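The values are calculated or read from the model by the stated rules, or taken from the named source; none is laboratory data. As the structure is a prediction and not an experimental result, all values here were calculated from the model. Using ideal geometry, Cβ is built from the backbone for each residue, glycine included, and neighbour counts are taken over all protein chains shown. Surface accessibility is based on the protein's heavy atoms, side chains included, excluding ligands, DNA and RNA. Shrake-Rupley method; radii C 1.70, N 1.55, O 1.52, S 1.80 Å.
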Amino acid sequence: MTGYIARRLLALVPVLALVGVLAFLLLHATPSDPAAIMAGDLASREQYEQIRSAMGLDRPFFVQMGLWFKQVLQGDLGTSIFSGKSVVTLMAPRLQATVSLTIYGEFLAILMGLSLGILAAWKARTWVDRAAMAFSIVGYSMPIFWLGFNLIWLFALKLPLFPVIGYVPFSEGFLPFVRALTLPALTCALVLSALIVRMTRSSMLEVLSEDYIRTARAKGLRERTVIVTHALKAAANPILTIVGLQLATMVTGVIVVETVFAIPGLGRLVVDAITRRDFPVIQGMLIAVAVVYVLVNLIIDLAYSVADPRIRY
Amino acid sequence: MVAGAATVGALRWRSRAGTFAQFVLREARRNPNMAAGVAILLLVVTMAVFAPLISRYDPVALKAIDRLKPPSAAHWFGTDHVGRDVYARTVYGGRISLAVGSAVAIITALAGVAIGIFAGYYRRVDNIVMRVMDAFMAFPALILAMALIALLGSTVQNVIIAVSVVETPRMVRVVRGVVLSLREREFVGAARAIGAGPLRIMRVHILPNTMAPVIIQATFVFAGAILTEASLSFLGAGSPPYIPSWGNIMGQGRTYLQMAVWVTFFPGLVLMLTVLAINFVGDGLRDRLDPRLRSVM
């Protein structure tokens, strides 16, 4: 196991190096001049030169690339041109909102997705199954922000159950925190659960036709025990994959939801950086999210053997 | 021969099997979801193409006296905050959304096939290409697209480029996977044995066999690209605000959610129905052309 982890970590090096190169090239190989974009139309020649040298764009290409890698490897993701603060300092206070939303959203998604998926597989080819599948395909055909609007309109404006927008930090009490986060989390969950339902259903259907399920039923186990203990455990891996990938790519999904609900999270940071053309922040975020993505993928692979003891590394 | 070509052929109309109308009816009965999808899609495309004939209003004409009017006989979807007819804007907006979706699907398919076939056929290329694709896929799609648009400028053309860049790696993976198994098949070995060069093998024996999965994946890219364009426009990094697209109509309407929910509701509903229709078509094509792909896509 340790050897396997070491090998996998080693295999990450080239991918991460490429991620770094791509993030670097994004700014330096596109046919546009980031310094000019950032300076705007009204900047003087001196201001433009100043921004250019502040970004290091006046140095040779490979020197720039070398400096960029040195800086990233030291854990420095760059400095915002707009605020002058380091990207890491900008990210830290926004982590709570994004992580809370991600966990809460994924929790609801698993809750809905698993139960609907199991139900659909158990009652395969009945109206229950068809309804669950309809829920799923509608779920991933919807623009997530539109779903957010409709939920706001229904559960905050027409029925004032939840606040319309905004974020209440955890330090101001658990209940207000959860209340403010429920609609955004539900918005994420409805879209995320669409895939979980599909995956759970197909994975469960496969397992339910196996011999040992027939054996379990034949020896008189309760249907609940058969489904939950025998079938679900064997069907867990594909579901685990989907959930893991969703967690890893959540920042992207969350960008839109954070914008809809005006939540001060990492997504807002990116959107603001993009409207301000604050390229170091964009680059830093790209790197940070890519690293998280790659690591989560590794953790999923390791989790397989926990869920399914037949897999050994 | 060529199993894939035969499976694409599974959906081909042949005159000896009856008239075209009979063929369509038979297919529709076999897969009602797909038939519904095709019907909705045809309707939306017709609306977008004949937009000037369908809407009575100019989608960009301001009329302050008609601000935020609810849906009525005169304005089916109501009016927005500057008195523009939301129905007219939705009909015209479909042009941008469908154009972006189809352009991205075509570019992605072409790029994916070209890169995927070479990567799958030459093992040495494969290692390098797939690591680059892995790196691309590690980036969050929406952030990468937004960053590209920020660099290139907010035009419809650049939105197409950015979304294509984001969608291509997945297509490459699909094509490469198919090619990897094809190159071990007997008919490829036979072609090599009679002296066919690699380019000929790729073009004549491998390319046709990748068509079914490529077409299926392309429909899902089409649907995904429409959603991505909408998200980009909503975030203000998509098509320019003076050209209505489904995304930016909703983006501009969000401030008025409390007073005029129709400005965001209707364009979103049309968008959802369109994407739903495309997904139905994609699912239907997959089940019809290549059911083995069910677990992959």
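Residues in segment A:32-47 that are surrounded by 10 or more Cβ atoms within 10 Å (Cβ to Cβ) and either acidic (Asp, Glu) or within 14 Å of chain B (Cβ to nearest Cβ) (or both) were compared, and the one that is farthest from residue A:81 (Cα to Cα) is A:32. Among the conditions (1) in a helix (DSSP H, G or I); (2) β-branched (Val, Ile, Thr); (3) touching a residue at least 40 places away in the same chain (Cβ under 8 Å), residue A:81 misses just one, which is (1).
When A:16, A:57, A:27 are checked against the criterion of being within 14 Å of another protein chain (Cβ to nearest Cβ) and part of a loop (DSSP other than H, G, I, E, B), A:57 stands alone in meeting it.
If you take the residues in segment B:202-257 that are within 15 Å of the chain's Cα centre (by Cα), among the small types (Gly, Ala, Ser) and under 20 Å from residue B:148 (Cα atoms), which one is surrounded by the fewest Cβ atoms within 10 Å (Cβ to Cβ)? Among those residues, the one meeting the criterion is B:224.
Which number in (1) more than 10 Å from chain A (Cβ to nearest Cβ); (2) in contact with a Pro (Cβ under 9 Å, 6 or more places away or on another chain); (3) buried (at least 22 other Cβ atoms within 10 Å of the Cβ) marks the one condition that residue B:260 misses? Evaluating residue B:260 over (1) more than 10 Å from chain A (Cβ to nearest Cβ); (2) in contact with a Pro (Cβ under 9 Å, 6 or more places away or on another chain); (3) buried (at least 22 other Cβ atoms within 10 Å of the Cβ) leaves (3) as the failure. Residues in segment A:98-153 that are in a loop (DSSP other than H, G, I, E, B), at pLDDT 90 or above and within 13 Å of chain B (Cβ to nearest Cβ) were compared, and the one that is farthest from residue B:231 (Cα to Cα) is A:141. Checked against (1) open to solvent by less than 60 Å² (accessible area, probe 1.4 Å); (2) assigned to a helix (DSSP H, G or I); (3) small (Gly, Ala, Ser); (4) modelled with pLDDT of 80 or more, residue B:5 passes all but condition (4). Looking across segment B:222-253 at every residue that is more than 9 Å from every other protein chain (Cβ to nearest Cβ) and in a loop (DSSP other than H, G, I, E, B), the one that is nearest to residue B:162 (Cα to Cα) is identified as B:238. If you go through segment B:127-157 and pick out every residue that is among the charged types (D, E, K, R) and either touching a residue at least 40 places away in the same chain (Cβ under 8 Å) or more than 10 Å from chain A (Cβ to nearest Cβ) (or both), you end up with 0.
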